1. With A:GLY43, A:GLY36 as the choices, which residue is closer than 30 Å to A:ALA130 by Cα, at pLDDT below 90 and away from chain B (no Cβ under 14 Å)?
2. Residue by residue through segment A:61-98, note down the ones that are among the β-branched types (Val, Ile, Thr) and without any contact (Cβ under 8 Å) to a residue 40 or more places away in the chain.
3. Can you tell which of B:ALA177, B:ALA187, B:ALA193 is at pLDDT 90 or above and either over 21 Å from the mean Cα position of the chain (by Cα) or more than 14 Å from chain A (Cβ to nearest Cβ) (or both)?
4. Across segment A:122-143, what is the number of residues that are within 14 Å of chain B (Cβ to nearest Cβ) and surrounded by 20 or more Cβ atoms within 10 Å (Cβ to Cβ)?
5. Please count how many residues of segment A:148-194 are out of contact with any helix residue (DSSP H, G or I) (no Cβ under 7 Å at 6 or more places or on another chain) and within 15 Å of A:ALA40 (Cβ to Cβ).
6. If I ask for residues that are under 16 Å from A:GLN94 (Cβ atoms) and within 12 Å of chain B (Cβ to nearest Cβ), which ones from segment A:166-180 would you list?
7. Quick test of your reading of the structure: B:ILE199 fulfils all but one of (1) within 14 Å of another protein chain (Cβ to nearest Cβ); (2) of a type outside the set (Gly, Ala, Ser); (3) surrounded by 22 or more Cβ atoms within 10 Å (Cβ to Cβ); (4) part of a helix (DSSP H, G or I). Name the failing condition by number.
8. Might you let me know whether segment A:109-118 holds any residue that is part of a helix (DSSP H, G or I), within 14 Å of another protein chain (Cβ to nearest Cβ) and modelled with pLDDT under 90?
Amino acid sequence: MITAPVLPVDMRVTGLAKSFAGTPIFADVSFGLPRGEATAIVGANGTGKSTLLRCLMGLIPADAGEITVLGTDVSTAPPAALRQMRAQMGLVSQKHNLVPRLSVLSNVVHGLLGQRPGIRHWSQSLAPAASREAAMAALDKVGLARLAQRRADRLSGGQSQRVAIARALVGQPKILIADEPTASLDPAAGEDVMDLFFDLARQEGVTVVFISHNIEHALRYGDRVLGLAGGRMPLDARAESLSAAALRGLYD
Amino acid sequence: MTDTTAHAPARYDRPSALAFLGYAAAVVIILWSFAGAGFSVDKMLSAPPRFADFVDRAFPPNLEPQVLERLGWKMLETLQIALAGAVIGVIVSVPVALLAARGLIVGPWVNQIVRTILGFIRAVPDIAWALVFVVAVGLGPFAGMLAIAIDTIGFCGRFFADDMEGIEKGPSESLSATGARKLDVVACATIPAAMPAFISTSLYALEKAVRSSTILGLVGAGGIGIELKVGFDLFDYPTAMTVILMIAVVVIAIEHLSGWARTKIIGEQR
């Protein structure tokens with residue numbers, strides 16, 4: 001096994017366990033995320049990948065174990081400190097989760113709410129010039145500046161996921177989290193979105209954690225692959241040391 | 001192929017003994033209610049001639065220009081009471097609903113207390129609220145407007161809260177994940193997502209307000225209801241009939257208008 005290069009660690013998880021209503025989801029999960037690396041999480045349905053991501057952001061509490069993200073202890077941090085931590089993270093999810101009736105630009109401006117709370121970031125029409133420019137710059141990066149005024153529910157799937165990426169990037173996060181970002185897209189649009197997402201993440205030197213059911217994606221875009229199976233995390237390896245066949249074994 | 005044919009289930013399930021007792025009890029309660037309501041075949045048979053007598057005396061309705069003008073102004077006042085009360089009620093309902101919606105801003109205790117208060121508001125009939133406000137602020141349309149407003153809060157506060165509880169949680173979660181505060185999440189994700197439901201509920205509230213406002217005059221809370229009462233009290237049935245027809249026309253018109261506005265504003269959604 002190749003040892004990881006010594007990089008500052010943005011996220012460290014030790015002995016994490018989570019159960020729902022007495023049914024254990026996973027236990028004894030430990031890993032660290034070095035700055036600037038992309039880590040893929042793979043595993044069959046129901047192994048708790050999304051749950052793990054939610055625990056990392058403090059959106060749901062873990063049962064046991066420690067999570068430190070950007071120096072914040074997620075399980076003990078008061079709400080304000082958690083918000084401050086999340087303001088340095090971006091989330092892209094499977095269903096894009098844009099607010100349907102609002103404009104694309106308003107949706108991207110919302111990405112700044114963690115850093116700049118309050119009514120001025122409720123809508124693009126109230127937003128300060130600097131925030132509007134930041135949002136337009138983020139939209140430009142995903143190639144959709146021309147659709148800034150369009151309502152979010154009038155976008156195609158691929159466009160809508162790009163807007164979600166712009167929203168996640170607008171606050172210049174240190175960590176990007178993606179929960180199956182291509183699950184609701186056709187294969188071609190999925191490739192485009194993954195290429196764009198990782199180009200931008202690497203340009204900005206962002207640490208990435210992403211869930212993927214696509215083994216090729218996990219190996220191609222991940223520097224490292226974590227695998228969940230049987231309520232544990234039996235796989236933690238550099239992507240280049242893994243074969244697609246070895247990863248498929250995880251789904252049996 | 002298999003040699004057995006699949007058997008369809010029995011057409012009817014045999015009710016359990018307990019269910020049978022339940023049905024029997026329901027029938028008894030319904031019959032008992034007829035007795036309690038003074039159901040009388042004699043009166044049913046004697047009513048049509050008396051009703052015909054009323055209709056005979058009420059028709060033709062009073063269509064004298066000065067009566068129509070007076071009633072027209074009263075009808076306008078009625079609509080003003082309804083609109084003003086409904087608008088105030090809808091506006092106040094938004095913050096109230098934020099407190100009543102479970103898992104949104106405040107804890108379950110506050111939700112329960114607010115929902116109980118809203119339940120109480122709804123349990124008291126609009127006409128009773130009008131009586132209370134006539135005592136509080138005196139006779140006239142202002143008492144009626146307050147009654148409509150509080151009635152609307154009872155209705156919209158509860159349904160706005162239900163609407164917000166029922167929306168898809170994804171967008172809110174994505175905003176929480178950026179570190180947004182609860183209030184910001186509600187303003188940016190929850191309320192925009194619930195807006196079509198809010199508009200629909202508000203239009204129903206307006207229809208309800210127009211119906212209510214037409215009878216508030218019976219207790220002196222303004223509007224056309226007083227004309228109805230005076231008409232019956234003075235045995236001026238033609239004028240009373242004019243009032244009834246006027247109310248019917250206006251209420252039906254408002255229902256159509258509100259239905260049209262509903263499809264216009266939110267109909268093309270999804």
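1. A:GLY36
2. A:THR72, A:VAL74, A:THR76
3. B:ALA187
4. Within segment A:122-143, residues that are within 14 Å of chain B (Cβ to nearest Cβ) and surrounded by 20 or more Cβ atoms within 10 Å (Cβ to Cβ) number 7.
5. So the count comes out to 4.
6. Answer for segment A:166-180, where residues must be under 16 Å from A:GLN94 (Cβ atoms) and within 12 Å of chain B (Cβ to nearest Cβ): A:ARG167, A:ALA168, A:LEU176, A:ILE177, A:ALA178, A:ASP179.
7. (3)
8. no
The values are calculated or read from the model by the stated rules, or taken from the named source; none is laboratory data. None of these values were measured; they are calculated from a predicted model. A quick note on method: Cβ atoms are made from the backbone with ideal geometry, for glycine too, and the neighbour counts reach across all protein chains shown.
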